[in-house]
1. So, of the residues in region 238-278 that are of a type in the set (A, V, I, L, M), farther than 21 Å from PRO308 by Cβ and open to solvent by less than 10 Å² (accessible area, probe 1.4 Å), which turns out to be nearest to the chain's Cα centre (by Cα)?
2. Could you figure out which of (1) part of a helix (DSSP H, G or I); (2) among the aromatic types (Phe, Trp, Tyr); (3) open to solvent by less than 50 Å² (accessible area, probe 1.4 Å) isn't true of TRP344?
3. Which members of region 424-442 meet the condition of being surrounded by fewer than 17 Cβ atoms within 10 Å (Cβ to Cβ), touching a residue at least 12 places away in the same chain (Cβ under 8 Å) and not β-branched (Val, Ile, Thr)?
4. So, in region 283-307, exactly how many residues are closer than 15 Å to HIS238 by Cβ and open to solvent by less than 10 Å² (accessible area, probe 1.4 Å)?
5. Scan region 308-316 and give yes if some residue there is open to solvent by 50 Å² or more (accessible area, probe 1.4 Å), farther than 16 Å from LYS253 by Cα and of a type in the set (Ser, Thr, Tyr), otherwise no.
6. Find all pairs meeting these conditions: Cβ atoms under 8 angstrom apart; at least six residues apart or on different chains; first residue within region 348-370 and open to solvent by 40 Å² or more (accessible area, probe 1.4 Å); second residue among the charged types (D, E, K, R).
7. Mind listing whichever residues of region 106-139 are hydrophobic (A, V, I, L, M, F, W, C), open to solvent by 40 Å² or more (accessible area, probe 1.4 Å) and more than 23 Å from SER181 (Cα to Cα)?
8. Restricted to region 92-105, and to residues that are part of a loop (DSSP other than H, G, I, E, B) and open to solvent by less than 70 Å² (accessible area, probe 1.4 Å), which residue is modelled with the lowest pLDDT?
Amino acid sequence: MLKNIIKRGHKKVPKSEVSDFGHAPPAGGRNSGNVSTSDVVVNHASRGNMVTNSIQSQQTSSVMTSAAPAPGNIENLPLFRDVPISERQVLFFRKLQICCFQFDFTDTMKLVREKEIKRQTLVELVDYVQSGAGKISESNQEEMVKMISVNLFRCLPPASHENTGSENVEQEEDEPCLEPSWPHLQLVYELLLRYVVSSDTDTKLAKRFIDHSFVLKLLDLFDSEDPREREYLKTILHRVYGKFMVHRPFIRKGINNIFYRFIYETERHSGIGELLEILGSIINGFALPMKEEHKLFLVRALIPLHKPKTVAMYHQQLSYCIVQFVEKDYKLSDTVIRGLLKYWPVTNCQKEVLFLQELEEVLETTQAAEFQRCMVPLFRQIARCLNSPHFQVAERALFLWNNEHIVGLIAQNRNVIFPIIFDALQKNIDNHWNQAIHGLTVNVRKMFMEMDADLFDECQRQYSEKATRATELEEQRQLRWQRLAAAATQGR
């Protein structure tokens with residue numbers, strides 16, 4: 001009941017209605033009839049940064065709207081094409097003032113006309129910036145960024161687990177929670193995107209308005225539960241990173257801090273996947289030799305991202321970033337593999353399957369020298385996976401022998417690897433419950449035998465000796481128990 005009351009202003013829709021992340025502004029489609037978020041400011045721990053942002057945006061809003069009429073008295077302004085060129089900058093400013101008004105979308109029947117006027121005004125502003133019909137004055141650029149800040153930078157509603165107070169609520173839901181004010185928010189995001197990518201935007205001038213504070217607030221919004229908003233944020237932040245070189249170190253540091261907070265404090269954040277997608281492109285552009293700063297980022301942020309239990313939600317993007325690092329500098333493969341072993345799951349079988357998939361991608365780009373540094377602990381872990389009672393884990397580990405590059409590395413170091421793996425293979429053949437695993441194990445064992453028959457025979461001899469010793473020890477143990485039982489009987 002409490003959850004329903006708190007999130008009443010948010011509407012849940014099926015995934016089929018969430019998949020459209022297009023950047024074209026809507027022209028009255030299904031989104032234009034949506035209702036928007038309430039203006040209630042919720043102060044909760046994991047999104048505390050947004051409270052400060054909300055206060056700052058309210059202060060900015062008061063500056064911009066001081067000379068404007070009340071929302072209920074908003075009137076339609078003429079189109080840009082209907083006024084002389086000399087008056088368009090004044091009209092642009094007046095339209096920005098209209099767009100600064102915030103509406104309560106919880107009531108669909110309240111201020112319907114004014115909401116539509118704002119929507120149409122935002123569409124006109126987007127078209128004007130995109131068309132490049134006239135250069136926007138410096139003062140109007142500043143006012144436009146202020147208007148964007150007023151609309152975007154807000155306190156996000158509480159996440160699902162914060163509504164109920166439960167820590168066991170799964171973060172991944174069938175139906176994501178959508179932002180009701182999206183018909184307006186989408187157009188504001190579109191305006192910001194068109195402003196950033198426009199060839200008419202002077203970077204030296206624009207960086208005065210799109211400053212570190214603005215970028216930090218954009219990063220805070222990545223915790224939004226609405227996937228449409230996160231998709232826009234991803235595109236915009238990537239464009240800002242590409243256009244504003246002065247912001248690049250700050251953006252990387254801001255993403256680092258989000259990761260640290262996620263890994264070591266909350267383990268809850270909606271936008272980790274999108275941030276990793278941005279980083280995938282950034283890493284791809286790193287110059288060689290790689291800076292020490294970037295290597296530290298790999299060790300301190302990316303590799304520990306394997307630790308949270310929700311890693312499955314962003315593992316594809318994380319794996320791509322990790323492989324990008326290894327492809328850039330193959331010497332990092334030893335560091336990555338040892339990092340994976342450090343965070344290897346013990347009781348989560350689905351997570352183990354993901355780790356094995358990523359391990360194969362890393363090994364594909366690993367050179368012989370780096371492989372030799374980590375092969376002993378690596379194949380001890382692989383041997384444990386081969387004997388896993390969960391057939392998907394054992395199957396994924398056996399699939400490593402389908403990769404020619406990995407088989408080549410194993411063949412070069414077979415004197416070390418065969419003795420580690422042989423016992424696990426033999427145990428699978430003797431005891432594993434799954435017939436498919438049994439068949440795959442026989443194939444890998446045959447591959448070993450064909451690779452080096454003498455070494456195979458030696459491993460088999462050692463295994464037989466170990467099995468004989470184990471049988472003798474078991475017999476001795478049973479005999480000791482029998483003697484103890486007999487002594488206890490005689491003592492009565």
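The values are calculated or read from the model by the stated rules, or taken from the named source; none is laboratory data. Remember, it's a predicted structure, so these values are computed and weren't measured experimentally. Cβ: placed from backbone, ideal geometry, glycine included. Neighbour counts: every protein chain shown. Side chains are part of the model used for accessible areas, which takes the heavy atoms of the whole protein and leaves out ligands, DNA and RNA. Shrake-Rupley method; radii C 1.70, N 1.55, O 1.52, S 1.80 Å.
1. Restricting attention to region 238-278, the residues satisfying the condition of being of a type in the set (A, V, I, L, M) are 240, 245-246, 251, 255, 258, 263, 272, 275-276, 278.
Now narrow it down to the ones that are farther than 21 Å from PRO308 by Cβ: 240, 245-246, 251.
After this cut, where a residue has to be open to solvent by less than 10 Å² (accessible area, probe 1.4 Å) as well, the list is 240, 251.
On the way: VAL240: 19, ILE251: 16 Å.
Residue satisfying both the conditions and the ranking: ILE251.
2. Failed condition: (1).
3. LYS427, TRP433, ASN434, ALA436
4. Within region 283-307, residues that are closer than 15 Å to HIS238 by Cβ and open to solvent by less than 10 Å² (accessible area, probe 1.4 Å) number 1.
5. no
6. ASN348/LYS309; GLN357/ARG396
7. The one that is hydrophobic (A, V, I, L, M, F, W, C), open to solvent by 40 Å² or more (accessible area, probe 1.4 Å) and more than 23 Å from SER181 (Cα to Cα): ALA133.
8. Just the residues of region 92-105 that are part of a loop (DSSP other than H, G, I, E, B), to begin with: 100-105.
Checking the rest, the ones that are also open to solvent by less than 70 Å² (accessible area, probe 1.4 Å) come to 100-101, 103-105.
Working: CYS100: 91, PHE101: 88, PHE103: 84, ASP104: 79, PHE105: 72.
Among those residues, the one meeting the criterion is PHE105.
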